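The values are calculated or read from the model by the stated rules, or taken from the named source; none is laboratory data. In this text the structure is predicted, and so the values were computed from the model without any measurement. Cβ placement follows ideal geometry from the backbone for every residue including glycine, while neighbour counts extend to all protein chains displayed. Just the protein is used for accessible areas: all its heavy atoms, side chains included, with ligands, DNA and RNA removed. Shrake-Rupley method; radii C 1.70, N 1.55, O 1.52, S 1.80 Å.
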Amino acid sequence: MFLAMGTGMTVAVWAEILPDTPAVISDLGNRTFAELNARTNQVVRALRALGLQAGDGVALMCSNRAEYVEVYDATRRAGFRLTPINWHLTGAEAGYVVNDCDAKAFVAEARFADEAITAAGMAKGATVRLAIGGAIEGFASYEAALAGQDGTNISDPSLGTSMLYTSGTTGRPKGVHRPAAAP
């Protein structure tokens, strides 16, 4: 289990031990550990197919739903740097964070389409844009990106990191990045 934690493959271990046990229960979709693991691998492969590499940033604006966990786990397993975006932010506030964190990918829930469109317009480096749960103008479909991707475990896991943002009480929010611990 410790090796799995150090490479972002913890969900893969649980998928092997308890495949049919619920891992995510949400009003917007449930996942067993086996389903979550397969979808996580599909997310990794989809983002890689779109040009992301270990160390690249992924910004995520999403409510509590299964896809949030899929993207989170994919960033952990593929060596990506995740920046969660608070969906209570305005489009301009979210855009500042997406741009500042140097995200190459921006994944947003359609429920926040207006904010996501504004944010994407401010974050020119986030050229990979995926919409969860419906359409967002200028974003590709998350489900379409995953379609046809292999759900088996990736062979080259690498522990990802997070870049979180302070509340910005002294001005703009500040990004806090902590590099991954050495294996």
Within region 34-55, considering residues that are crowded, with 22+ Cβ neighbours inside 10 Å and without any contact (Cβ under 8 Å) to a residue 40 or more places away in the chain, the one farthest from Trp14 (Cα to Cα)
Thr40
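Got a number for residues in region 118-132 being open to solvent by 70 Å² or more (accessible area, probe 1.4 Å) and within 10 Å of Ala92 (Cα to Cα)? Spell out the reasoning first.
Taking region 118-132 first, the residues open to solvent by 70 Å² or more (accessible area, probe 1.4 Å) are 122, 124, 127.
Next, from what is left, pick out any that are within 10 Å of Ala92 (Cα to Cα): 122.
So the answer is 1.
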Log entry, pairs with first residue in region 82-104 being closer than 13 Å to Thr166 by Cβ, second being open to solvent by less than 10 Å² (accessible area, probe 1.4 Å) and of a type in the set (S, T, N, Q), beta carbons closer than 6 Å, six or more apart or on different chains, reads Cys101/Thr83
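Looking at region 14-23, can you tell me whether even one residue there is closer than 26 Å to His177 by Cα and touching a residue at least 12 places away in the same chain (Cβ under 8 Å)? It would help to see each step written out before you state the result.
The initial filter retains those residues of region 14-23 that are closer than 26 Å to His177 by Cα, namely none.
So far as region 14-23 goes, no, none of its residues is closer than 26 Å to His177 by Cα and touching a residue at least 12 places away in the same chain (Cβ under 8 Å).
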Could you check Ser155 against (1) part of a strand (DSSP E or B); (2) surrounded by fewer than 17 Cβ atoms within 10 Å (Cβ to Cβ) and say which number it fails?
(1)
Need the failing condition index for His88 against (1) part of a helix (DSSP H, G or I); (2) out of contact with any Lys or Arg (no Cβ under 9 Å at 6 or more places or on another chain), just the number.
(1)
